[in-house]
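The values are calculated or read from the model by the stated rules, or taken from the named source; none is laboratory data. On a predicted model such as this, the values are computed, not experimentally measured, just so you know. Neighbour counts are summed over all protein chains in view; Cβ atoms, including those assigned to glycine, are modelled from backbone coordinates with ideal geometry.
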Amino acid sequence: MSLILKNVSKKFGYKLAVDNLSLTFTKPGVYGLLGTNGAGKTTTIRMLLGIINKDKGQITWNNKEVNRKSVNFGYLPEERGIYPKTIIKNQLMYFAKLKGMSKLKAEEAIKYWAKILEVEEYLDMTAEKLSKGNQQKIQFMTALLHDPELIVLDEPFSGLDPVNTEIIKNIIIDLVQKGKYIIMSAHQMLTIEEFCSDILILNKGKTILQGNLKEIKNTYKANRLEIDVNQDISKIIKDLKLEIEIVKNNQYKIRINNEEQAHKLLTKVMENKIKVNKFEIQKPTLNDIFIEKVGETK
Amino acid sequence: MKDILTVSEFTLKEMLRRKSFIISTIIMMILIVLGFNIPNIIKIFSNDNELYAGSKILVTDNDNIFEGKLENLNKEELGYNIMVKNSSFKEIKKNIENNKIEAGIIVEKNDNTINFRYIVNDTMAMMPEDLSKALEDLYTNIQISKLNLREEQIKQITPEFTTVVEQTEEVKGNTLVITLLSCLLFYAIYFCAYQVSSSITTEKTSKIMETLVTSTSPRTIVIGKTIGIGLGGLIQMVILLLTAVLSANLFLDKAALKLVLTSTQISPINAILMFIFFILGYYLFALIYALTGSTVSKPEDIQAANTPVAFIAIAGFYLSQSIISTPVGGLTTLACLCPISSPFAMPFRVMMGLSSWQEIILSLIILIITILIVAHIAIKIYSNAILNYGAKTSFKDLIKLYKAK
């Protein structure tokens, strides 16, 4: 199974929303779609779901052209929405039927996912009586009920408390293990780093970075040192002409240009017989890479 | 097709389950029952002093103007118990207060004028028309009898005058009933079609549309939704009609009911035509409302977006009313052929017996072609507008949305 987008473009009036985007997703896993607001993520998602037509290019799933009729993907949109005055069970059944499920299969799937997402007690209630987090879990169910092979999750964790975030995270891990293809768009870079093997960063419709996340990070040198000591070392840091990013309770985050600067600092600290609790040379985070890449294009 | 059924089934179930639908149906049922009970209600609240069959009326002719012949009034079968006695105003008043009589009449003559002073215990009461006419006739007859005329001569100078209105075309049916049915049809079509707009706006503003359009096509949503709401409206109309029929049978005078039904000329063909025009008229306005509903991003904008459609519908309705005021003429022909008015006009023109089959078929063809054109435009704009959130949509934007891929 594979999802391939080849030179896909979309214009709205004079505005180029997506410019010549290409993407290949050939192994089960999570593919991260990143970008600032208005970068073209939602337009890309809508095109690959067949909701809107592309102007140029090709989108195929299993070598078949994607259109509204040919695909049956699961989708959790960024804009959350469920029928406020409709019984939860009825609206889940409605969406399951529209996805081609029989009543019996839909009932089984609703029962199964309600148990996993811990929303069984809300099935006979109207949506307006549910908390935002629970409404989000219900919408997550509509994306998964029909057991789709490819699932698009747009900001799946926004607005969720830590307990519910953990539930959704476990489900995503489980789905990947079952061989599902997931495209995830999120603003929290930590989430993307946690799940995604491959990423694509968009800015103003253009692809500014794309590829395997590990390989991308390997191309970057270490740029940060995290050191936790039992007394103030700010004078030593200043003597070595290093820049402190954050300091809290003698835990320092320091900007470095190479690993040698970090080793020099450690030597000085040891010479002063200061106890070191933590010493970690870090490569740039996805957040750093994102800010750097988006900044470059401005 | 399966998806269309799923959408319409869901829409219908949701519509029937909604509190606003249940409450509005119950309120309308109550209003219908009350409407058919108006004569009974009036009877309950009517003043006890009002004259009824057997009411005692004391007539006083102190000046002997009627030459002692006032007793003849009891031969006129007016239904009142007329008592003739010379009395003063005070005596009559006392008798009314003591409930001995219901009313009193003092006959007086001033120059050439004869006054009837109607004395009653109710400021709003009027002297019964039949009684005053009977008094006038009695006086005239007394005076004529003095002329010693033959019966033929009397008939010649006192003929009965009647007025009969005849139209250039023979119009069947009761125009009042036709106007009421036309209003009912307009209300049914307009109410149901408006629901489509609000339903689509709700889906759009509650952001459910994004999930919905990935599950099925916009065309399926529009068609399924309009069918579902149309069926809901039809169910409501059937409930209201049944309430009306039941109330008419229970509360109305049987003879009056029979008269109305016979004069209405509702044949099975008329009923079928009304049904067909209801479906087509509903579909035309529902599709226009689907279009306007899809262009709204905020619930508060729905009213403004729907106003032009309301104007079109009301213009169509007023145009349709020309079939009642002037059943023959250019305006009526226009009302029967113009798609915005034909659903409210054509069934009733048929009911009035003024329409040929050719006219009916032509009207239906024009309406169906208009619906197909509107459906094409509405579905195209709907498909492009439902995921479009932002500022209010102008007419220029609508053209852009229509042209968009």
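A few points about this structure:
- Tabulated pairs, the stretch B:346-358, first surrounded by 14 or more Cβ atoms within 10 Å (Cβ to Cβ), second among the aromatic types (Phe, Trp, Tyr), C-beta under 6 angstrom, 6+ apart or interchain: B:Met346/B:Phe277; B:Pro347/B:Phe277
- The stretch A:94-118, residues that are surrounded by fewer than 20 Cβ atoms within 10 Å (Cβ to Cβ) and at negative phi: A:Met101, A:Ser102, A:Lys103, A:Leu104, A:Lys105, A:Glu107, A:Glu108, A:Lys111, A:Tyr112, A:Lys115, A:Ile116
- Note on the stretch A:65-108: residues that are in contact with a helix residue (DSSP H, G or I) (Cβ under 9 Å, 6 or more places away or on another chain) and in a helix (DSSP H, G or I) total 15.
- Only one entry of A:Arg46, A:Arg80 meets the criterion of being without any contact (Cβ under 8 Å) to a residue 40 or more places away in the chain, of a type in the set (Lys, Arg), out of contact with any strand residue (DSSP E or B) (no Cβ under 8 Å at 6 or more places or on another chain) and facing another protein chain (nearest Cβ under 9 Å), and that entry is A:Arg46.
- The number of residues in the stretch A:179-217 being touching a residue at least 60 places away in the same chain (Cβ under 8 Å) and of a type in the set (D, E, K, R) comes to 6.
- Going through (1) surrounded by fewer than 15 Cβ atoms within 10 Å (Cβ to Cβ); (2) away from chain B (no Cβ under 11 Å) one by one, A:Asn67 falls short only on (2).
- Residue within the stretch A:241-256 that is assigned to a helix (DSSP H, G or I), without any contact (Cβ under 8 Å) to a residue 24 or more places away in the chain and not assigned by TED's automatic domain parsing to the domain that holds A:Pro28 present: no
- Residue in the stretch A:109-131 that is within 14 Å of chain B (Cβ to nearest Cβ) and within 25 Å of the chain's Cα centre (by Cα) present: no
- For the stretch A:29-39, the criterion of being closer than 12 Å to A:Gly205 by Cβ, within 17 Å of the chain's Cα centre (by Cα) and aliphatic (A, V, I, L, M) is met by at least one residue.
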